[in-house]
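Just so it is clear, none of the values below were taken in a lab; they were calculated from the coordinates. None of the values given here were measured: they were computed from a predicted structure. When we count neighbours, we look across all protein chains shown, and the Cβ atoms used for this are built from the backbone with ideal geometry, even at glycine.
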Amino acid sequence: MGRFVRVSAAPDALPAMSAPAHPARLGWLDALRGIGAMAVVAEHLLPWFLPDLRPYWFSLGVYGILVFFLVSGYIIPASLERHGDVRAFWVGRFFRLYPLYLSVIVAMLALAWWVPVREAVPRDGSAVAAHATMLLDVVSVGGVADTMWTLSYEMVFYLLVTALFLVGWHGRSAALSMGFAAGAVLVGLAVPGAMLVGGWPVYVSTVVFVAGLACVVSGRLRTTAGCALGLMAMVLLVVSGRVPWLGVAVLAVMFAGTAIHRWERGQGPLWPVAVTAALVGVSPLWAIASGWWWVQADVWLTTIALAAATFAGGMALRGRRVPRVLTWLGLISYSLYLVHHPLLKYFVEISGDLRQRDLPYQLLMAVPALAAVVGLSALTYRYVEKPMQDLGRRLSHRRAGGLQSQGDLGVARQNPCHHRVLGQEEGQVPDGVRDHVGQVDTAG
């Protein structure tokens, strides 16, 4: 796939209720993750196995990652506000994201003698540094696995949400969504691409990232460090991001998800979400950095409309039980997202080029390939993701049980309502859903 065609690839509060929450109440989020993950899998499987079945009137991959980003925006700030503790939030993020991420990197490097690492990955220390922070796409470094680029925007969102929470601006989701959407239009008109590239932006951002998170987690100069990280993330997004307008548009989509959550709680209006959608819809149409098939007006607008309709449909059905297969796919969605592309590469290396073969043979090969993707993803969830999530949860609970710093207690006192966010109802949420509260949705 081309340098930017890979975009088609691809981690606040629920209403207060007096009665216990129905298990399906959050199951719809897992179902959306399952739909998004399988859309991204299909985006990569179809060109290699069933090219004649690939749709071009919308982008399966962009559709999937937009669904992921909406879900992340909807639930990530809720996770932070629920804890009222940025340390617990980041401990949970680390154990949620890094174990599988590092496992995939190690596996791909170990098999590089067979399938070489893609050329977009620099052969120097900048690749190590960029992978360590996950800020790959916003420092213009290719990921070992093609789909890792979306994790950059999840990380930027986490850094921004942390900064906003620490200064008490986390409730301004609607204004933020419209601001980033307008910013996407302006950046598209003015910025042709990454203006700062090379090793030094990667190394500087890595030092700031590590030092800043150390302060945030330890509690020393927490607010200052959090604001510095948020500012760094925004600067990188615009001046060194691979496709600057796209990065800003992604943040608009994520904050739109947060704004929807606040509207659901009666904490804000819904009309800013419509404004955000309209601005994101036009953001690539006159952008300097554009021209790929997935940002043509008809394809881009149709994809956005389908993603919005999917999310709205999930919300409309959130009081009902959803099919178990979708919630299960949502449960393993992070594994699906990271594992599928490398595994498909290895499969094609064995099967050979299938694009010119007859359709029955292509179908015959696509079925075991898909089964291998789902099966391995289930295994990596069971033996890598879940144990590490459980460990992170235990560490976070130990902290909350007796080691909470005075700074954290201050935040909690200032935001007493945050403990109601997925709080008293959380015990009614099935384990599979609770595992995903605040998870990455990458999407894509």
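Computed over the Cα atoms, what is the radius of gyration of the stretch 288-405 divided by 2.2 N^0.38 Å, N being its residue count?
Values: Rg = 20.3 Å, N = 118, 2.2 N^0.38 = 13.5 Å.
Here the answer is 1.51, to two decimals.
Peptides 35-41, 170-176: what's the order by average Cβ count within 10 Å, highest mean first?
Packing proxy ranking, top to bottom: 35-41, 170-176.
Taking the simple approach of a point 7 Å from Cα along Cα-to-Cβ for both Ala132 and Asp52, what is their distance in nm?
5.1
Rounded to two decimals, what is Rg over Rh for the stretch 5-434 when you use alpha-carbon atoms and the Kirkwood radius? The partial results should precede the final answer.
Details: Rg = 20.8 Å, Rh = 22.0 Å.
The Rg/Rh ratio comes out at 0.95.
Need the full-extension length gain, Asp353 to Ala214, defined as separation in residues times 0.36 nm minus the C-alpha distance. One decimal, nm. It would help to have the intermediate numbers written out before the result.
On the way: separation 139, 0.36 × 139 = 50.04 nm, distance 4.74 nm.
Roughly 45.3 nm would be gained on extension.
In debye, nearest 20, what is the charge dipole magnitude of the stretch 5-434 about its Cα centre with +1 on Lys and Arg Cβ and -1 on Asp and Glu Cβ, if you could check? All intermediate terms of the calculation are to be shown ahead of the outcome.
Numbers: 32 positive and 22 negative charges, 214 e Å.
Dipole about the Cα centre, nearest 20: 1020 debye.
Just name one of Ala372, Thr223, Leu102: the one whose Cα is farthest towards the positive end of the charge dipole of the stretch 5-434 (beta-carbon charges, Lys/Arg +1, Asp/Glu -1).
The residue sitting farthest along the positive end of the dipole is Thr223.
Which order do the peptides 45-51, 155-161 take when ranked by the mean count of other beta-carbon atoms within 10 Å per residue, highest first? Could you put the intermediate results ahead of the total?
Details: 45-51: 18.9, 155-161: 25.7.
Ranked from most to least packed, the peptides come out as 155-161, 45-51.
Within the stretch 353-392, name every residue whose backbone N is under 20 Å away from a label modeled 7 Å from Cα of Tyr346 along the Cβ vector.
353-354, 365-386
Would you mind ranking Asp30, Asp358, Asp85, Asp137 so that the residue whose beta carbon has the fewest other beta carbons within 10 Å leads the list? Please report the intermediate quantities before stating the final value.
On the way: Asp30 26, Asp358 9, Asp85 22, Asp137 29.
Ranked by crowding around the Cβ, least crowded first: Asp358, Asp85, Asp30, Asp137.
Could you list Tyr381, Tyr337, Tyr361 in order of exposure, starting from the residue whose Cβ has the fewest other Cβ atoms within 10 Å? Walk me through the numbers before you get to the answer.
Values: Tyr381 22, Tyr337 32, Tyr361 12.
Ranking Tyr381, Tyr337, Tyr361 by Cβ neighbours within 10 Å, fewest first, gives Tyr361, Tyr381, Tyr337.
Select from the stretch 70-177 those GluC sites (Glu not before Pro) which occupy a DSSP coil region and have at most 14 other Cβ atoms within 10 Å, ordered by residue number. Show your work: numbers first, answer last.
Numbers: sites: Glu81, Glu119, Glu154; in loops: Glu119.
Of the GluC sites (Glu not before Pro), the ones in loops of the stretch 70-177 whose Cβ has at most 14 other Cβ atoms within 10 Å are Glu119.
Projecting each Cα onto the charge dipole of the stretch 5-434 (Lys/Arg +1, Asp/Glu -1 at the beta carbon, about the Cα centre), which of Phe165, Ser72, Thr276 comes out farthest on the positive side?
The listed residue farthest towards the positive side: Phe165.
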